[in-house]
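Heads up, the thing below is written out as structure tokens.
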Amino acid sequence: MRIGLIGTGRIGTFHAEVLSRHPAVDSLLVADADPERAAVAATRTGASAVPVDAMFTGGGRDLPDALVICSATAAHASLIARAARAGLPVFCEKPIALDLPGTLGALAEVEAAGSVLQLGFMRRFDTGYGEARAAVREGRLGRLHTVRAVTSDPAPPPADYLPLSGGLYRDCLVHDFDILRWVTGREVSEVYATGSDAGPSMFRAAGDVDTAAALLTLDDGTLAAATATRCNGAGYDVRMELAGELDQIAVGLDDRTPLTSAEPEGPGAPAKPWPGFLERFAPAYEAELDAFLRVARGELANPCDGREALHALRIAEACEISRRERRPVAMEEIPGG
């Protein structure tokens with residue numbers, strides 16, 4: 001397969017490295033708004049650097065068979081639309097857009113073209129989350145009554161990233177909202193959210209929060225609590241706990257979880273805590289790209305289409321309204337359902 005990749009920042013270069021060694025990929029084209037950065041990534045991965053427009057017009061060479069979008073978030077929707085019109089299957093890092101109109105517009109382009117769009121919610125390809133989904137669906141936990149989700153980054157992102165991120169709910173907790181739906185098979189009916197900007201001043205300057213919490217009521221009455229922070233000095237911590245009437249399990253609890261027991265006989269601090277998302281979810285990132293190549297070849301049903309991203313974004317939107325207006329928000333209030 002001939003694969004195109006747009007966006008050669010940290011995650012884009014990581015994806016390019018994965019694709020460059022995949023047995024189904026014969027050639028890899030990379031592009032970036034910064035041609036020099038694309039050239040560096042091409043040298044690093046053995047790819048060919050091309051202008052962004054060449055992904056859609058050929059530019060003197062064949063079009064790619066499929067496209068991977070890892071560009072700045074603001075460009076996602078327009079690139080998805082261009083790819084749809086060119087008939088290219090697309091894998092895109094979340095989100096489609098930072099707002100509902102942009103997301104719905106891009107989805108309309110994909111649906112009108114009848115093309116493929118797979119979104120990058122990599123936790124769906126993590127072994128632990130997959131086992132949790134199976135445990136819930138097979139009834140091993142009994143009636144599920146409580147879910148607790150945690151996403152904690154070890155250090156804040158650069159200050160100039162915050163105004164472009166969409167905020168902590170859309171940029172970070174959106175992963176928890178997606179995986180909550182995927183694992184439980186239920187929809188969120190109501191949210192109540194709050195946040196704190198008591199940390200570094202750059203969050204206040206960006207109108208964002210550095211720490212947030214959301215209480216979500218699922219459509220069967222199950223309660224879920226999701227928390228996130230940008231300031232977890234112990235390390236990168238992503239977990240989910242699921243409690244039912246028969247059993248209780250945890251995802252993301254291993255010898256690298258940055259958590260120390262206060263009990264005298266409990267486990268101490270990990271010798272090598274997870275430093276970030278690329279290390280923690282490397283196998284999941286590889287698995288989702290492998291799945292995309294199979295989807296593009298018509299061998300696999302799309303495991304995470306654009307509508308899945310829309311559902312997660314709608315929950316994030318409800319949380320933002322709840323935080324701002326200090327009230328519960330029913331999902332019926334959010335357009336796009």
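Observations on the model:
- To the nearest 10, the accessible area of HIS15 is 0 Å² with a 1.4 Å probe.
- Full-stretch length increase - SER261, SER201 - with 0.36 nm per residue and alpha-carbon distance subtracted: 18.5 nm
- Of the residues ILE96, HIS22, VAL329, the one whose Cα sits farthest toward the positive end of the charge dipole of the chain, with +1 on the Cβ of Lys and Arg and -1 on the Cβ of Asp and Glu, is HIS22.
- Ranking PHE277, PRO264, ALA250 by how far each Cα lies toward the positive end of the dipole of segment 233-289 (charges on Cβ) leaves PHE277 at the top.
- Counting Lys and Arg as +1 and Asp and Glu as -1 over every other residue whose Cβ lies under 10 Å from the Cβ of ASP219, the net charge comes to -2.
- Annotation: the antiparallel percentage among DSSP beta bridges lying fully within the chain is about 55.
- Its residues counted as N, the chain yields a C-alpha radius of gyration over 2.2 N^0.38 Å of 1.00.
- Mean-position separation - Cα centroids, segment 1-46 and segment 110-187, in angstrom: 25
- Area of HIS175 that stays accessible when all protein chains are in place (1.4 Å probe, Å², to 10): 20
- Accessible area of VAL251 in the full protein assembly, 1.4 Å probe (Å², nearest 10): 0
- Evaluated at q = 0.14, 0.22, 0.27 Å⁻¹, a Debye calculation over the C-alpha positions of segment 38-87 (equal weights, vacuum) places log10 I(q)/I(0) at -0.38, -0.91, -1.19.
- Alpha-carbon centroids, segment 47-98 and segment 224-300: separation in whole Å: 30
- Among ILE179, ILE249, the order of accessible area from largest down is ILE249, ILE179, computed with a 1.4 Å probe on protein heavy atoms.
- A Stokes-Einstein calculation at 20 °C with viscosity 1.002 mPa s, built on the Kirkwood radius of segment 161-201 over Cα pairs, returns a diffusion coefficient of 177 µm²/s.
- Only Lys, Arg, Asp and Glu carry charge here, each on its Cβ (+1 for the first two, -1 for the last two); on that basis the chain has a dipole of about 280 debye about its Cα centre.
- Computed across segment 55-158, the Kirkwood hydrodynamic radius from all distinct Cα-Cα pairs reaches 16.4 Å.
- Fraction of alpha-carbon pairs over 17 Å apart in segment 101-232 - percent: 66
The values are calculated or read from the model by the stated rules, or taken from the named source; none is laboratory data. The shown structure was predicted, so the numbers you read here are calculated from the model rather than taken from an experiment. Note that each Cβ is placed from the backbone with ideal geometry, even for glycine, and that neighbours are counted across all protein chains shown. Just the protein is used for accessible areas: all its heavy atoms, side chains included, with ligands, DNA and RNA removed. Shrake-Rupley method; radii C 1.70, N 1.55, O 1.52, S 1.80 Å.
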